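Below is one structure, written out as structure tokens; comments come after it.
The numbers here are math on the coordinates, done by the rules we state, and not lab data. None of these values were measured; they are calculated from a predicted model. All Cβ positions, even for glycine, are placed from backbone atoms using ideal geometry, and neighbour counts span all protein chains on display.
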Amino acid sequence: MISRSSLSNVHKPGLYGDIANKKENELLKISELKNILIFQVVKYKKTEINLESIKIDNLNLPNSLKVNSNNNTRILWMGPDNWFIVSTNKNLDKEIIESFESDKFAVTDLSHSRTILEIEGDLANEVIKKGCPLNLENIKKNDCSNSVFHAITITLDFISDDPKKVRLLALRSFGESLHHAITDACLEYGYKAI
């Protein structure tokens, strides 16, 4: 089976929007992340276990609204006893499945069910504010949140503060709509599609 991006027909590399008299490093960068491993892990309600003892890719499960990360893997807190594991390490699936006992956790592979867009640049928050009601002023690196962008449910993962880099995860079926809404919000600032 061939894995195909949900944005393969719409995300095209190039320069777009108000790019006149701007250097390329001043433009926002929009990219789609593909071939990413995504697992959702949910602890069953009556399970009693020390979560500190669980490590995935040498990372603990994060606390409320936080992300634990290394170069390959990010673990996002999605809600009480609920996490997303997002990784470029394609061999991590075995470790994930072995680390969470099936009678204590529900582990679901979501790798092909999400579209991931990454916005990089000083104006990333301004773009997000155009369609998201979340107060972004106090959100910084390794924070995460669930919200909406133009009525599309998204997960925001704040990767970096300098340069500002934010990932938006949405259901694959909303990928094209999210891409259109984000790129439209970027036009006044100018952006480079990577």
FRET efficiency for His180 and Val107, using Cβ-Cβ distance with R0 set to 41 Å, rounded to 0.05: 0.80
Exposure proxy ranking, count of Cβ atoms within 10 Å, fewest first, for Tyr44, Tyr191, Tyr16: Tyr44, Tyr16, Tyr191
Crossing angle, helix 175-186 versus the chain [Cα axis fit, 0-90 degrees, rounded to tens]: 50 degrees
Dipole moment magnitude, nearest 20 debye, the stretch 37-109 about Cα centre, only Lys, Arg, Asp, Glu C-beta charged: 220 debye
Lys pairs under 22 Å by Cα in the stretch 37-109, provided they are eight or more residues apart or on distinct chains: 14
Gaussian network model of the chain, springs between alpha carbon atoms under 10 Å - residue of Glu52, Glu98, Glu137 with greatest fluctuation: Glu137
Computed Kirkwood radius, in angstrom, where 1/r is averaged over Cα pairs of the stretch 79-130: 14.0 Å
Modelled FRET efficiency - R0 22 Å, Ile49 with Asn89, Cβ distances, 0.05 increments: 0.35
q = 0.12, 0.13, 0.17 Å⁻¹, the chain: log10 I(q)/I(0) [Debye, one scatterer per Cα]: -0.60, -0.70, -1.13
Order of Glu48, Glu26 - criterion: other Cβ atoms within 10 Å of each residue's Cβ, fewest first: Glu48, Glu26
Gaussian network model of the chain, springs between alpha carbon atoms under 10 Å - residue of Lys22, Lys66, Lys130 with greatest fluctuation: Lys22
Residue order, fewest to most beta carbons within 10 Å, for Lys165, Lys129: Lys129, Lys165
Cα convex hull volume per residue for the stretch 37-109 (Å³): 77 Å³
Positive-end residue, the stretch 37-109 charge dipole about Cα centroid, Cβ charges, pick of Ile97, Ser64, Asn82: Ser64
Average Cα contact separation per residue, the chain, under 8 Å, 6 or more apart, as relative contact order %: 32 percent
Cβ charges +1 (Lys, Arg) and -1 (Asp, Glu), total dipole of the chain, debye: 240 debye
Per-residue HN-Hα couplings for the stretch 122-130 [Karplus 6.51, -1.76, 1.60; θ = phi - 60°; Hz; x = Gly/Pro]: 4, 9, 4, 5, 5, 5, 5, 4, 5
Pairs beyond 21 Å (Cα-Cα), from Lys12/Lys129; Lys29/Lys141; Lys23/Lys130; Lys130/Lys165; Lys12/Lys192: Lys12/Lys129; Lys23/Lys130
The chain: most fluctuating residue of Lys94, Lys164, Lys46 per GNM, C-alpha cutoff 10 Å: Lys46
Helix-only CD estimate at 222 nm, as mean residue ellipticity for the chain, using -39500 (n - 2.57) per DSSP H run (n ≥ 4): -3500 deg cm²/dmol
